[in-house]
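The values are calculated or read from the model by the stated rules, or taken from the named source; none is laboratory data. Predicted model only: the values in this text are computed from it and were never measured. A quick note on method: Cβ atoms are made from the backbone with ideal geometry, for glycine too, and the neighbour counts reach across all protein chains shown.
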Amino acid sequence: MVNTINIILIGNGRMRSEEHIQRNMKAVRASGSKIEQVLGKALWKANIRYRKQYSKLPGKPDFVLPKYKVAIFCDSHFWHGYNWEQKKHDHKNNMQFWHNKIERNIERDKEVNTSLTEMGWNVIRFWEHEIRQDVEKCVERIKQAAN
């Protein structure tokens with residue numbers, strides 16, 4: 001019996017096995033991502049207390065300051081379509097699935113923003129790179145929104 005491994009070409013000419021890709025995708029968590037941890041620690045250090053994964057609001061914001069009606073989302077580049085019009089061509093396999101999935105995520109983000117705004121909430125969305133590059137600037141934006 002011959003053991004075969006399916007190799008898939010991904011962006012930038014890199015190759016990965018199907019098992020490798022499945023393992024990576026299974027490791028993606030809905031909450032508690034690295035960028036959420038970084039922002040959460042910075043908020044705590046700045047003495048800003050928050051609620052995490054607040055299920056009482058549409059979109060289940062990553063952080064909420066209920067007293068100030070501020071909802072905060074930490075959006076990863078891949079799942080929320082950062083620079084989507086240029087990046088969408090990077091998908092080499094199962095393109096239609098990923099295009100539909102990410103475009104629906106983008107659409108849902110807009111719907112959530114509208115719903116929360118109509119409810120009187122101030123919505124702040126940070127891209128992954130904003131948190132990684134200057135988390136203190138993110139904290140300052142949150143402080144301004146809370147005033």
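In the set 65, 43, only one residue is over 24 Å from residue 115 (Cα atoms) and crowded, with 17+ Cβ neighbours inside 10 Å; that residue is 43. In the set (1) surrounded by 14 or more Cβ atoms within 10 Å (Cβ to Cβ); (2) within 23 Å of residue 141 (Cβ to Cβ); (3) at pLDDT below 90, residue 88 fails one condition alone, (2).
For segment 68-81, the candidate set comprises residues that are more than 18 Å from residue 120 (Cβ to Cβ) and of a type outside the set (D, E, K, R); within that set, the residue that is surrounded by the most Cβ atoms within 10 Å (Cβ to Cβ) is 74. Output the residues belonging to segment 31-58 that are closer than 19 Å to residue 121 by Cβ, modelled with pLDDT of 95 or more and part of a loop (DSSP other than H, G, I, E, B). Within segment 31-58, 48, 49, 50, 57, 58 qualify. Where helices (runs of 4 or more DSSP H) fall entirely within segment 90-147, those with at least 3 residues that are within 15 Å of residue 76 (Cβ to Cβ) and touching a Gly at 6+ places or on another chain (Cβ under 8 Å) are at 95-118.
Mind checking which residues of segment 71-89 are under 16 Å from residue 110 (Cβ atoms), in a helix (DSSP H, G or I) and under 11 Å from the mean Cα position of the chain (by Cα)?
79, 80
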